[in-house]
Amino acid sequence: MNKNEFLWGGSIAAHQCEGAWNQDGKGVAIMDLVTQGTYETPREICQTIEPGKYYPSHDGIDFYHRYKEDIALFAEMGFKALRISIDWSRIYPKGDEQEPNQLGIQFYQNVVSELLKNNIEPIVTLYHFEMPVHLVREYGSWTNPKVIDFYLNYCQTMFEALKGKVRYWVTFNEMNHIDPQTEASDIFTYIIAGLKYTEMENKKQTLATISYNMTLASVKAVKLARTIDPTNQVGCVFGLTPAYPLNCDPQNVMNSLKETDREFYQIDAMCMGKFPEYKLKEYQAQGIDLTVSKADQLAFKEGKLDFIGLNYYSSSVAHYEGDDNNEETLFGGVQNPYLEQSKWGWAIDPTGLRYLLNYVYRRYGLPIIITENGLGALDQLEEDGSIQDDYRIEYVQKHLDQMEKAIVEDYVECFGYLMWGPIDLVSATTGEMKKRYGFIYVDKNDDQTGTLERKKKKSFDWYQEIIQNNPTFKA
Ligand code: BG6
């Protein structure tokens, strides 16, 4: 593989595509208990699998059995990289076992081999909303530091099992969403830690503890990865949303700074060699009890990231006085009147990508890879079987234009673009299939009908050409 090659490709996640939820020894993971919702109706988070309810992760798009066919299609598009996630509950079904499940390991070894055979660089996320339920029930999830050890044990198993084959690792996906924006944010705390926000006792303390333990787990995993193979490159992925000021009223500018920055403390902790003082003081002022031990201090020092993964979909406007009637966005802030929104209310803002690439690069000086970006849309299957998804082409093209500006004009070191959901898969926030992101259509509907057949959309050929014509992005 050419080291100067720009990593063009896509990102998928186990619980949204694999299916086979109870096969080959897999345990129950948190998303296996979440039903299908819609834009209007939130997904229901159940205690157990209830008959008559539909849990989309159980079938996904059957990537578990069709991964060869899907990887062949990614290769046909010219992918240089594919970001996958490992479902922890396939490797340690309950999370606290002594021995891993060999069939689970074998599956990921097979997927990685298939990628390498197709000259596709595997980028492996170790935690993308896939925690064994047992760890939540028996140990209280990430509130309990024992879970850090279980996580590290699982990481070690995978670092060793895929040693020499996987060069890029991601410790966590979007742990920054642990701090919910609204009271209605059960799904966010749940996907990150398997716990509902509304049911948490002592909410602030619980969230701070979870966030701290996950951040600590990440830095420890970085060190572990390097100990096992010094050539490992380890990053963490964050889902970031800039909150613009409404105008130049200094108060609005200040709100913008605060709201945009709100979720950066974890990145600070992972890049700057220590858990940030300003956050500790904020916790102290709020009566939150959190101590950074000497051992933790060392862990922060020794586990700095090699790169940052950026998931970017949307921007918002920071709260301002009198915004009460404005629609709140999913990720905080209110809607921006200058921007159009997707059918799911996500503001479309390509410039926001350039803004964030600059913001993150100037703050940390670390290489960045865009690990997710894409448009969830309603696709129409034409009578001739084609899917004319010009809106998706337009969305991705505009974002690529801004990425190019960031790289070529602003000198941001960005080494790849991974489009989210290059093949249609289950939506994380709504559980729908009809919120489609892919360049590849999957014949599966929300009423569970469909043959699971894969079809190329118009955007498939378009992305193939983009990759062919732009092997590198050098300033
Ligand atoms: C990201 C997640 O936040 O957004 C993905 O990492 C998710 O798992 C993606 O699928 C898009 O969100 P949604 O709800 O449209 O699937």
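Residue count for segment 288-325 under the criterion of being in contact (Cβ under 8 Å) with a residue 60 or more places away in the chain and closer than 18 Å to G365 by Cα: the result is 11. Residue pairs whose Cβ atoms lie under 6 Å apart, separated by 6 or more positions or on different chains, with the first residue in segment 126-143 and part of a loop (DSSP other than H, G, I, E, B) and the second more than 16 Å from the ligand (Cβ to nearest atom), are L126/C155.
Could you pull out the residue among I91, I123, I148 that is touching a residue at least 60 places away in the same chain (Cβ under 8 Å), within 16 Å of the ligand (Cβ to nearest atom) and among the aliphatic types (A, V, I, L, M)? Give the derivation first.
Working: I91 fails: within 16 Å of the ligand (Cβ to nearest atom); I148 fails: within 16 Å of the ligand (Cβ to nearest atom).
Only one candidate qualifies: I123.
Looking only at segment 189-204, residues that are crowded, with 21+ Cβ neighbours inside 10 Å, outside any loop (DSSP other than H, G, I, E, B) and free of Cβ contacts under 8 Å to residues at least 60 places away in the same chain come to 2 in all. Scanning segment 320-338 for residues that are touching a strand residue (DSSP E or B) at 6+ places or on another chain (Cβ under 7 Å) and closer than 23 Å to T429 by Cα turns up N326, E327, E328, T329, F331, G332, G333, V334, Q335, N336.
Scanning segment 326-361 for residues that are of a type in the set (S, T, N, Q) and either away from the ligand (no atom under 16 Å from the Cβ) or more than 22 Å from F188 (Cβ to Cβ) (or both) yields a total of 5. The numbered conditions (1) within 22 Å of P132 (Cβ to Cβ); (2) modelled with pLDDT under 95; (3) of a type outside the set (K, R) are all true for G27 except (2). Across segment 159-178, the number of residues qualifying as closer than 21 Å to R262 by Cα and in a helix (DSSP H, G or I) comes to 4.
Put simply, of D424, D401 the only residue that is among the acidic types (D, E) and over 29 Å from G52 (Cβ atoms) is D401. Restricting N173, N213, N232 to those that are within 16 Å of the ligand (Cβ to nearest atom) and polar (S, T, N, Q) reduces the list to N173. What number of residues within segment 29-58 satisfy the criterion of being more than 16 Å from the ligand (Cβ to nearest atom), touching a residue at least 24 places away in the same chain (Cβ under 8 Å) and either acidic (D, E) or surrounded by fewer than 18 Cβ atoms within 10 Å (Cβ to Cβ) (or both)? Of the residues in that region, 2 qualify.
Once segment 410-431 is narrowed to residues that are without any contact (Cβ under 8 Å) to a residue 60 or more places away in the chain and over 21 Å from the mean Cα position of the chain (by Cα), the residue that is nearest to the ligand (Cβ to nearest atom) is V412. Does any residue of segment 299-317 turn out to be away from the ligand (no atom under 16 Å from the Cβ), out of contact with any helix residue (DSSP H, G or I) (no Cβ under 9 Å at 6 or more places or on another chain) and either under 25 Å from A428 (Cα atoms) or of a type outside the set (A, V, I, L, M, F, W, C) (or both)? Scanning segment 299-317 turns up at least one residue that is away from the ligand (no atom under 16 Å from the Cβ), out of contact with any helix residue (DSSP H, G or I) (no Cβ under 9 Å at 6 or more places or on another chain) and either under 25 Å from A428 (Cα atoms) or of a type outside the set (A, V, I, L, M, F, W, C) (or both).
Can you tell me which residue in segment 346-399 is surrounded by the fewest Cβ atoms within 10 Å (Cβ to Cβ), limited to those that are in a helix (DSSP H, G or I) and touching a strand residue (DSSP E or B) at 6+ places or on another chain (Cβ under 7 Å)? Reasoning before the result, please.
Here is the first cut: in segment 346-399, the residues in a helix (DSSP H, G or I) are 350-364, 390-399.
Checking which are touching a strand residue (DSSP E or B) at 6+ places or on another chain (Cβ under 7 Å) leaves us with 356-357, 360-361, 364, 391-392, 396.
Details: L356: 24, L357: 23, V360: 22, Y361: 21, Y364: 19, Y391: 15, R392: 25, V396: 22.
By that ranking, first place goes to Y391.
The values are calculated or read from the model by the stated rules, or taken from the named source; none is laboratory data. Predicted, not measured: the structure shown is a model, and the values here were computed from it. Every residue, glycine as well, gets a Cβ built from its backbone with ideal geometry; the counts of neighbours run over all protein chains shown.
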